[in-house]
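The values are calculated or read from the model by the stated rules, or taken from the named source; none is laboratory data. Small disclaimer: the values here were computed from a predicted structure and weren't measured. Cβ coordinates were reconstructed from backbone atoms using ideal geometry, including for glycine residues, and neighbour counts include every protein chain displayed. Please note that ligands, DNA and RNA were not included when accessible areas were found on the heavy atoms of the full protein model with its side chains. Shrake-Rupley method; radii C 1.70, N 1.55, O 1.52, S 1.80 Å.
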Amino acid sequence: MLVSYKWLQDYVDIPWGPEELAHRLTMAGLEVEGVTPLAANLDRVYVGFVQEVQKHPQADSLKLCSVDVGAQGSYSIVCGAPNVQEGQTVAVALAGATLPGGLVIQPTEIRGVLSNGMICSQAELGISDDHAGIWVLPNDLAPGAPLVEAVGLDDVVLDVSVYANRPDCMSVIGIAREIAALTGGEVRLPALDYQELDVPIGEHTSVTVEDSERCPRYTAALLQDVHIAESPLWMQLRLRAAGMRPINNVVDITNYVMLETGQPLHAFDFDKLAEGRLVIRTARPGEEMVTLDGERRQLTPEMLMICDAQDPKCVAGVMGGLDSEVTDETNRILLESANFSALNIRRTSRALGLSSESSSRFEKGIDASGTLLASRRALHLLQNLAQAQIFAGHIDVNSSAKQEPVIDLEPAEVERLLGVSIPPETICRILRSLEFDVVELSPELLRVTVPSHRGDVELQADLVEEIVRIWGLENLPSTLPPDRSSSGGQSQLLTAEGHLRELLVGAGLQEALSYSFGRPDSNERLLRTEPPMIALQNPISEDLSALRRSLLPGLLEAVSLNASRQQARAALFELGAVYLGELPVEKQPREEARLGLVLWGRRSTLNWAAADEQYDFYDLKGIMELLLPWPEVEWIKGSDPAFHPGRQVSLLLQGREIGVFGEIHPAAARNFRIPGRVYAAELRFEEILHLFKQTPVFQVPPRFPAVERDLAVVVDADQPVGELVDALRKLGGELLDEVTVFDVYAGKPIPDGKKSAAFSLRFQGHRTLKDEEINVIMDGCLAGLRERFGAEIR
Amino acid sequence: MLSKVEEIKASALEACSQAESVKELEQVRVRFLGKKGELTLLLRGMGQLPAEQRPHFGKLVNEVRDELESALAARETQLFQEEETRRLAAEALDITLPGRPMMRGTVHPVSQIIAETKSIFMNMGYEIVEGPEVEWDYYNFEALNIPPDHPARDMQDTFFITEDLLLRSQTSPVQIHVMENRKPPIRILAPGKVYRADSDITHSPMFHQIEGLVVDRGITMADLKGTLQVFVQRMFGPDTKIRLRPSYFPFTEPSAEVDVSCIMCAGAGCRVCKDTGWLEILGSGMVDPRVLAKVGYDPQEVSGFAFGMGVERIAMLKYGINDIRLLFENDVRFLKQFSSQGGRLC
Ligand SMILES: [Zn+2]
């Protein structure tokens, strides 16, 4: 809420300047987000009086004005505004002034005539965006006076952020109350007095409330002979300072009183109301009405309407109707000051897509006891500023319960929650300064009555908050909780995540983070036909509309982005959940923790010392071997459609698939606009947590010399070498410590359709091995390979 | 024959000093000291001398041989060193060429902040807890004292999946899960992803929060202040100060916004803190008694505090990142900038 510093001063003495006030309010829970001068620096801008207006000799659209600027002298000024006239009091910028838009005023020749200044519009002075014509000031201002002081622009606007639980602070008086609590001062209420006619209001109109749940209170007053005009300058400036546009004195007064008291008001042109009476009811099916903004609104039976004998005339608490608005011809006015259910206003405002200063107050919940005060205040102003005659009394249909709960507060409770003892006298002083009524039943028990405008206070804890925010949170000591709770720690899953992250970062990969939602066709882009993804009802875009079932699309998007940004490589991993549910969604989907990784482009940065090579399948397999060193994991040929049919591995643990890796199918890579080959893996690492936990069993390193032998064989070109390794492991017996493939070769002199594979076998025992026994084993190995795979020694 | 000895000695020492390589030196050794070497032959011919001269002669030859051997050894050492010096000089490399590249992995800045925070709180005895991201309305709102149509729902533009299921808009529902399943004392920290329908340079539809909750007998707001004081000093440096400002959250009462002295300017005022010297980084408060009652605790017996912070906001402040969306683009040039932070990855 925007509020003028001077306006606040009407109701409470403020011992602080605007900046200090802003700080004090912020530290008491009313955050002031900005402190800005109402007007920019307007040095050398004065009040002037237009003595004479002549036609410009060279241009029909321009006028030559003679302006009296009091002690500053008289000036001849060229003015192009259509509304300039003799006898007007205006704002004049003289040579040396710099206007908020940056325009520097200096004597200028305009079409052959010297102009010694500028008659300004509100827009040119930065007061509003109104640049239809010059700003015509009241004639009681003295020419030559500096404009800022003369019209009260020497003010500061505070932008107060009011929390949802404090609708009472959406008003100048509400903020003044907070200030009074901080200073220990008193709030001065504004004038409420006015003269009434002898005729009671009841002789001319009636109000029927059909839905007292949606409308707990409706207060109406009736006025006649209202003189519609502009509101006074001071009121216009305060409305503008609050971000509202002046319209006419009646509308301005209703807005002014709403800002002042927080109670929204509405003025009906009484003569436009059928039968001159109001019915407060919900809309009938199919009813429509045109709101003030000119929109035709379809109404539903949940919406509360202020109606005349026939039709809806106002969306209660949200916006008035066009055909009953106050116009220049209006003579009689029915003034509404009502209370509406916050829930109904909220829902109606949402359903219509319509919010207003009024609805934003009602939907937070307003004190129902404030309607009469606001009405009286408006009547006072309407009589003084629009010469209104007021019929006697109010119609007041009131079914609201008196809301002044009583809370018993123990000072010990304050200490229990805050950890500091605040003396009961201080507690009483603070609560009373906030207009709570406090009776000290005993030093251990205070009986606190909550004022009606503080509907947010219900429990002792709420009172504790009131006490501590005024007492000062900065005075709170710093202590630590008594140490009798858990020993801390984290789950195996989180520990495993940390372990994987360390391994992969050590292996040179970068951790990525993608959105949990993506394109709804992500499965299809991966050539997969998995169950559909769970869709969001209200996504921010189609590209972020469905919960991911795999980490691969996000990582492939990342590769695609880096490729499009001329990067030559990407080695990324991501740890995160996928969302596995069924449609229609009836329960929470399973959130499965996964590891995804992707390799694309150059194996390493381009370098003189190494060949410029691209990542290949075996780079990825090496990383997977680093991650999964356990013999329990089975590595078999995979059949995931997202991957190259001949270049993928399915990882199994006790027959269950725990992951897959390989080269992404070129068609899928094309779907993601990835140039070249891309390698990826996805691992359901929840399934292998127990393997992470395994404790290694120590083995004595052998002290006897090992024997190394090489074996090179020629086999069919499509013979998987891994099968030969497995066979050698068995054939080598207990003494065989390790088999390493050190060369695989096809081409001359190896015959077509064949390849050579070379192995290094290391034998190790807890004794010195004899050549003869190794020879026997090697012969057995070769014979075995020959028999099973048709291998020939090379 | 004695003069012959002197003659051989002179020419041997001469040859030794003239040798220009270890190989040449070996030839000198063979020429004089080998099986058929000059000195060896001389000694062998000793039998031709009169018996009384033999001891003297033998001693002389042995002395010469010893002298020659040590001269050869000295020369060999010298030659070896000279040769090695030449070889090393020839082996000099261009040390200005870059080394074989080792690819440096990086932890995502969001993970780094989470890891650091977890570590600080685990050291204070907190247990790290996670909760579901797809959440029931009840846990995300109702149990947290935010009934349907509560104005606080406006502050969080929530993604819905069905009428009752949503993507959690805060990590606070984890508080409810934990309290429903355990009795006090409770001391937990819950990091995780949260979602709000908002996207601009300071808002991302997905971001991370870290939630803390302590419930026990006698937990006070002063404990909250002290705990957060410890946290910010370990996170941002020992001189960091905190400031509590009254605020409003539906599930805490009293509530406080927590500011830290600006980590850029140490409180002097700068662009990042908009010249206030303070940065707002945490929301906190005493758990609202209505929330405690909803999970079946007795608010008269136990009390607690809760706090929550946005991880991206801290990362952006710490690293000076000006657009939150950069964090989720995965541009490798962005990611590689966060490699210099040490340790604490898990
Ligand atoms: Zn700063």
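At-a-glance table
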| item | result |
| --- | --- |
| Any hit, the stretch B:144-159, residues being in contact with a strand residue (DSSP E or B) (Cβ under 8 Å, 6 or more places away or on another chain) and more than 9 Å from chain A (Cβ to nearest Cβ) | no |
| From the options A:Glu413, A:Glu465, A:Glu444, A:Glu497, residue that is open to solvent by less than 50 Å² (accessible area, probe 1.4 Å) and farther than 30 Å from A:Glu31 by Cα | A:Glu497 |
| Flag if B:Ser169 is more than 7 Å from chain A (Cβ to nearest Cβ), part of a loop (DSSP other than H, G, I, E, B) and either of a type in the set (Gly, Ala, Ser) or under 30 Å from B:Arg234 (Cβ atoms) (or both) | yes |
| Looking only at the stretch B:219-239, and only at residues there that are more than 16 Å from the ligand (Cβ to nearest atom), open to solvent by less than 40 Å² (accessible area, probe 1.4 Å) and not in a helix (DSSP H, G or I), the one that is nearest to the other protein chains (Cβ to nearest Cβ) | B:Thr220 |
| Flag for B:Val174 being in contact with a strand residue (DSSP E or B) (Cβ under 7 Å, 6 or more places away or on another chain) and more than 10 Å from chain A (Cβ to nearest Cβ) | yes |
| Filter pass, B:Leu72 being away from every other protein chain (no Cβ under 14 Å), open to solvent by less than 20 Å² (accessible area, probe 1.4 Å) and out of contact with any Cys (no Cβ under 7 Å at 6 or more places or on another chain) | no |
| Selection from the stretch A:41-81 of residues that are open to solvent by less than 50 Å² (accessible area, probe 1.4 Å), in contact (Cβ under 8 Å) with a residue 24 or more places away in the chain and in a loop (DSSP other than H, G, I, E, B) | A:Leu42, A:His56, A:Ala59, A:Leu62, A:Val69, A:Ala81 |
| In the stretch A:532-560, the residues that are surrounded by 20 or more Cβ atoms within 10 Å (Cβ to Cβ) and β-branched (Val, Ile, Thr) | A:Ile534, A:Val559 |
| Tabulated pairs, the stretch B:266-280, first on the phi > 0 side of the Ramachandran plot, second open to solvent by less than 70 Å² (accessible area, probe 1.4 Å) and more than 8 Å from the ligand (Cβ to nearest atom), C-beta under 7 angstrom, 6+ apart or interchain | B:Gly267/B:Ser261; B:Gly277/B:Ser261 |
| Residues that are open to solvent by less than 50 Å² (accessible area, probe 1.4 Å) and in a loop (DSSP other than H, G, I, E, B), drawn from the stretch A:516-531 | A:Ser516, A:Leu526, A:Arg528 |
| Which listed residue is modelled with pLDDT of 95 or more, part of a helix (DSSP H, G or I) and closer than 21 Å to B:Ile324 by Cα, from A:Glu465, A:Glu557, A:Glu574 | A:Glu557 |
| Residue identified as in contact with a strand residue (DSSP E or B) (Cβ under 6 Å, 6 or more places away or on another chain) and under 24 Å from A:Gly152 (Cβ atoms) among A:Ile105, A:Ile110, A:Ile77 | A:Ile105 |
| Scan of the stretch A:582-622 for residues that are of a type in the set (Gly, Ala, Ser) and more than 8 Å from chain B (Cβ to nearest Cβ), ordered by number | A:Ala593, A:Gly596, A:Gly601, A:Ala611, A:Gly622 |
| Selected residue [open to solvent by less than 40 Å² (accessible area, probe 1.4 Å), part of a loop (DSSP other than H, G, I, E, B) and within 29 Å of B:Pro148 (Cα to Cα)] from A:Gly286, A:Gly317 | A:Gly317 |
| Selection from the stretch A:378-406 of residues that are of a type outside the set (Asp, Glu), surrounded by fewer than 18 Cβ atoms within 10 Å (Cβ to Cβ) and farther than 20 Å from A:Pro264 by Cβ | A:Asn384, A:Gln387, A:Gln389, A:Ala392, A:Gly393, A:Ala401, A:Lys402, A:Pro405, A:Val406 |
| Matching option when the condition is over 30 Å from A:Ser514 (Cα atoms), under 53 Å from the mean Cα position of the chain (by Cα), surrounded by 12 or more Cβ atoms within 10 Å (Cβ to Cβ) and modelled with pLDDT of 85 or more, among B:Gln78, B:Gln27 | B:Gln78 |
| Residue check, B:Cys270 crowded, with 21+ Cβ neighbours inside 10 Å and away from chain A (no Cβ under 14 Å) | no |
| From the options A:Gln9, A:Gln85, A:Gln72, residue that is farther than 30 Å from A:Gly117 by Cα and either modelled with pLDDT under 95 or over 31 Å from the mean Cα position of the chain (by Cα) (or both) | A:Gln9 |
| Qualifying position, being touching a residue at least 12 places away in the same chain (Cβ under 8 Å), open to solvent by 50 Å² or more (accessible area, probe 1.4 Å) and either part of a loop (DSSP other than H, G, I, E, B) or acidic (Asp, Glu) (or both), among A:Gln122, A:Gln85 | A:Gln85 |
| Selection within the stretch A:464-497 - facing chain B (nearest Cβ under 10 Å) and among the hydrophobic types (A, V, I, L, M, F, W, C) | A:Val464, A:Ile467, A:Val468, A:Ile470, A:Leu473, A:Leu476, A:Leu480, A:Leu493, A:Leu494, A:Ala496 |
| Per-region count, the stretch B:189-218, residues within 8 Å of chain A (Cβ to nearest Cβ), crowded, with 24+ Cβ neighbours inside 10 Å and among the aliphatic types (A, V, I, L, M) | 1 |
| Residues being within 7 Å of chain B (Cβ to nearest Cβ), of a type outside the set (S, T, N, Q) and touching a residue at least 12 places away in the same chain (Cβ under 8 Å) - total across the stretch A:498-528 | 10 |
| Near pairs, Cβ below 9 angstrom, 6+ apart or cross-chain, from the stretch A:289-310 (in the same structural domain as A:Thr208 (by TED's automatic domain parsing) and closer than 18 Å to A:Ser358 by Cα) to any residue that is assigned to a loop (DSSP other than H, G, I, E, B) and among the aromatic types (Phe, Trp, Tyr) | A:Leu304/A:Phe340 |
| So A:Ala180, is it open to solvent by less than 50 Å² (accessible area, probe 1.4 Å), aliphatic (A, V, I, L, M) and under 19 Å from A:Ala392 (Cα atoms) | no |
| Candidate set: the stretch A:615-625, residues that are more than 11 Å from A:Tyr679 (Cα to Cα) and touching a residue at least 24 places away in the same chain (Cβ under 8 Å); chosen: the one surrounded by the fewest Cβ atoms within 10 Å (Cβ to Cβ) | A:Met624 |
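For (1) buried (at least 19 other Cβ atoms within 10 Å of the Cβ); (2) outside the structural domain of A:Met289 (by TED's automatic domain parsing); (3) not in a loop (DSSP other than H, G, I, E, B), each residue gets a yes or a no:
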| position | (1), (2), (3) |
| --- | --- |
| A:Asp328 | no, no, no |
| A:Leu335 | yes, no, yes |
| A:Ser358 | yes, no, yes |
| A:Arg361 | yes, no, yes |
| A:Ser369 | no, no, yes |
